[in-house]
Every structure is written in structure tokens, then in C-alpha cells.
Amino acid sequence: QVQLAESGGGLVQPGGSLRLSCEASRIIFSLYAAAWYRQAPGKQRELVATITSGGTTNYADSVKGRFTISRDNAKNTIYLQMDSVQPEDTAVYYCQAVRGGIAYWGQGTQVTVSS
């Protein structure tokens, strides 16, 4: 069974930084496009950032210049580096792997930005 395991969430102050990780098992993650989504209470799931198998990245306007998505193929892991976080970044963050019309999802990790 495929598993995507997110980690690194927690409580952080406004202006601070956090790094989320998503480690995949039972797939070769480098062959998949990957993404980070987030969902805040009462809101629709939002696409945050994407990265292709070739390393091309895209970001939601709300996080451009603050967040960075990357991947380490040797570790079968993708990351979301979150800098200059703000309260509106508070959400459950989910990672996704996609290939050939099939998508896998992680269980999510909570990020709370509060002073």
C-alpha cells in the first residue's frame, strides 16, 4: 500500500518559519508530480504549491515569495519550506503524489500560526 507521511507541523509565531516533510513509501516519488494543499476550517481545500518530476515549481499567489517546494529524490521526500508565516496560513497541510491520473494523499499535518 502506498503511504505519504507528512510531518513537521506545529505552532509557530507570525513571521516565523516551518518546514514540512512528506515521505513516500511503495512508490518511486521522483516519477510523480507532487503538491502541497491546505484546508482551513470552513474553507475549501486550496492548492499551495506544485512540483513536477523534472523539478518545475508553481505557487499560489498567496504564498509566492514566502514558501518553497522542493524534493529530495534520494530520500523519497518532498518539502515545503514556509517562511514569514502569517495567521492566514493556519490550516491542515496535505501532500499529494500524482501520476497517470492516479493520486495519493497524505493524512495531513496541522500548522497553526499564532502569537
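The values are calculated or read from the model by the stated rules, or taken from the named source; none is laboratory data. Remember, it's a predicted structure, so these values are computed and weren't measured experimentally. FYI the Cβ positions are ideal-geometry reconstructions off the backbone, even for glycines, and counts take in every protein chain you see. Please note that ligands, DNA and RNA were not included when accessible areas were found on the heavy atoms of the full protein model with its side chains. Shrake-Rupley method; radii C 1.70, N 1.55, O 1.52, S 1.80 Å.
A few points about this structure:
- Filter pass, Ser114 being of a type outside the set (Lys, Arg), in contact with a Pro (Cβ under 8 Å, 6 or more places away or on another chain), loosely packed, with under 15 Cβ neighbours inside 10 Å and under 20 Å from Arg66 (Cβ atoms): yes
- Residues of region 43-99 classified as open to solvent by 60 Å² or more (accessible area, probe 1.4 Å), farther than 18 Å from Ser17 by Cα and of a type in the set (Gly, Ala, Ser), total: 3
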